[in-house]
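What follows is a short report on a single structure.
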Amino acid sequence: MDIRLAKPDDINAFFQYLEAHLSDDSAGDTHLFQSLSSAESNVTTLTKSQFYHGIKKTFEETDWRRLWLAFEEGQVVGHIEIRGHIQAYTQHRVLLGMGVATEHRQKGLGKLLLDTLVTWLIQFPQIAYLDLWVLSHNQTAINLYEKYGFRVGGEIEDMFRINEQPCSYTFMFRPLASSSASKI
C-alpha cells in the first residue's frame, strides 16, 4: 500500500475512484455515508474544479485543499483530504473528509490514512484542530474517529431529508498534539 500526497497528475485517477466510491453510497448492504441522494452521488464539475485547483493553492489562499491517495497495484483505493473552513477566524482548524473503497474497508486503511495526515500536520503547528461531519447513523465511521481521539461536539437532528428519510449530522473534532489545543 502506497499513501502519498496527491499531485495534479493523480487527479483523474482520484476522480475515477471517487465516482465508484460515491456510487457505492447506500448500495446493497452499504449504509448511506454521503449527504446526497443516490441519484446525486456522482462527481460534479464543481467538485472536480474544487479538488483540481484546491490542491495547487497555499494555506493562505481561499479554497485550498490537501489530498492523500492510497494506491494498491496502481489503483486508488482510499483517500483523505483536508481543507480550510470558509468562516473567518478559523485558520487554526481544518475540515476532514475521507473514504475507502468497499473491498478495502475494515482492514485498517482508514487508520493508516489518518496516521499519514496527522504525521504530515506536525509540520504545521498553526493547525490546532481536525474537524469533520459524519451522518449520525454511520456508526462504523464514528467508532473509527473515536478510536482516533475525535470527540463528538454536537449533533443536528434531522439535518437532511435524503430519499425522504431524516438523517442527523454529527460534528466531531480532534485537537492535534502539536498544538496548544491538546492541553485542553
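The values are calculated or read from the model by the stated rules, or taken from the named source; none is laboratory data. The shown structure was predicted, so the numbers you read here are calculated from the model rather than taken from an experiment. Neighbour counts run over all protein chains shown; Cβ positions are idealised from the backbone, glycine included. To get the accessible areas, we keep the full protein, side chains included, count just its heavy atoms, and leave off ligands, DNA and RNA. Shrake-Rupley method; radii C 1.70, N 1.55, O 1.52, S 1.80 Å.
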Please compute the volume of the convex hull spanned by the alpha-carbon atoms of the chain and report it per residue in Å³.
125
Using mean Cβ contacts within 10 Å as the protection proxy, how do 156-169, 131-144 order, highest first?
131-144, 156-169
Gain upon complete extension [ARG105, LYS56; 0.36 nm per residue less C-alpha separation]:
14.7 nm
Rounded percent of accessible protein surface that carbon and sulfur make up, the chain, 1.4 Å probe
50
Can you tell which of PHE15, ALA128, ILE156 lies farthest toward the positive end of the dipole of the chain, using +1 and -1 charges on the Cβ of basic and acidic side chains (Lys, Arg; Asp, Glu)?
ALA128
Listed by chain and number, the lysines with an alpha carbon less than 29 angstrom from that of LYS48, same-chain partners under 8 positions apart left out, are LYS7, LYS56, LYS57, LYS107, LYS111
With the other protein chains left in place, how much accessible area per residue, in square angstrom, belongs to the stretch 92-184 at a 1.4 angstrom probe?
54
What is the local net charge at TYR89, summed over the other residues whose Cβ is closer than 15 Å to its Cβ (Lys, Arg +1; Asp, Glu -1)?
-1
What's the magnitude of the charge dipole for the chain around its Cα centre, counting Lys and Arg as +1 and Asp and Glu as -1 at the beta-carbon? Answer in Debye, nearest 20.
720
